[in-house]
Amino acid sequence: MIRLTSNQRKVFEALEQAGKPIGAYAILEQTGFRGAIQVYRALEKLIDLGLAKKLESLHAYICVSQKAEIAPTAFAICDHCGHIHQLKEVREVRQLHECLAQMDFEVCRSVIEIHGACSTCASRKRNK
Ligand SMILES: [Zn+2]
């Protein structure tokens, strides 16, 4: 278990409770911090530790399960219901990282976001 400061823990718990990606201001509201800067600082650290990911396309953050040994490498985001599927061990992503390593390119962060319709929403659309 990684030791977190109380601010980092509060932000992590807010993300866990949300169970979906939430923005920094929603976190601010939940944690009751005085300023957004505290939220952003805690988020930065959680991202560094691999406990959270920023989904740029949604301007939101999502927590990554601490139980998972392998961090998710890609997120499939349903634009209809907001469901997010965390993909782990995607062979193509691993190949991409190997390719980058061969180029001597040091990856700082990488989040792959794929938008579309989840299986439930896709079948609902088909049956319309
Ligand atoms: Zn859906």
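The values are calculated or read from the model by the stated rules, or taken from the named source; none is laboratory data. Not measured: the values here are computed from a predicted model. Counting neighbours? That spans all protein chains shown, and the Cβs are built from the backbone with ideal geometry, glycine included. When the accessible area is computed, the model is the full protein with side chains, heavy atoms only, and any ligands, DNA or RNA have been set aside. Shrake-Rupley method; radii C 1.70, N 1.55, O 1.52, S 1.80 Å.
From helices alone, the chain scores -12500 deg cm²/dmol at 222 nm; the rule is -39500 (n - 2.57) for each run of n ≥ 4 DSSP H residues, then divide by the residue total. Counting 0.36 nm for each residue step from Gln95 to Lys20 and taking away their Cα separation leaves a gain of 24.2 nm.
Most simply put, the chain has about 65% antiparallel DSSP beta bridges, counting only bridges with both residues inside it. Among Asp104, Asp79, the order of accessible area from largest down is Asp104, Asp79, computed with a 1.4 Å probe on protein heavy atoms. Note on the stretch 68-128: antiparallel DSSP beta bridges, both residues inside, total approximately 45 percent of the bridges counted. Between Tyr40 and Arg9, the simple spin-label model (points 7 angstrom out along Cα→Cβ) gives 2.6 nm.
Rounded, prolate or oblate: which fits the stretch 1-64 when a ≥ b ≥ c are the square roots of the eigenvalues of the alpha-carbon gyration tensor, with rounded for a/c under 1.5 and prolate only if a/b beats b/c? Rounded shape, in that the Cα axes give a/c under 1.5. Solvent-accessible surface (1.4 Å probe) assigned to Lys10 amounts to roughly 90 Å².
Accessible-area rank, largest first, for Cys108, Cys118: Cys108, Cys118, with all protein chains present and a 1.4 angstrom probe. The listed residues Phe75, Phe105, Phe33 rank as Phe105, Phe33, Phe75 when sorted by accessible area, largest first, using a 1.4 Å probe.
Amide H to amide H, with H built 1.01 Å from N, Val64 comes under 5 Å of Ala52, Lys53, counting only residues 5 or more places away or on other chains.
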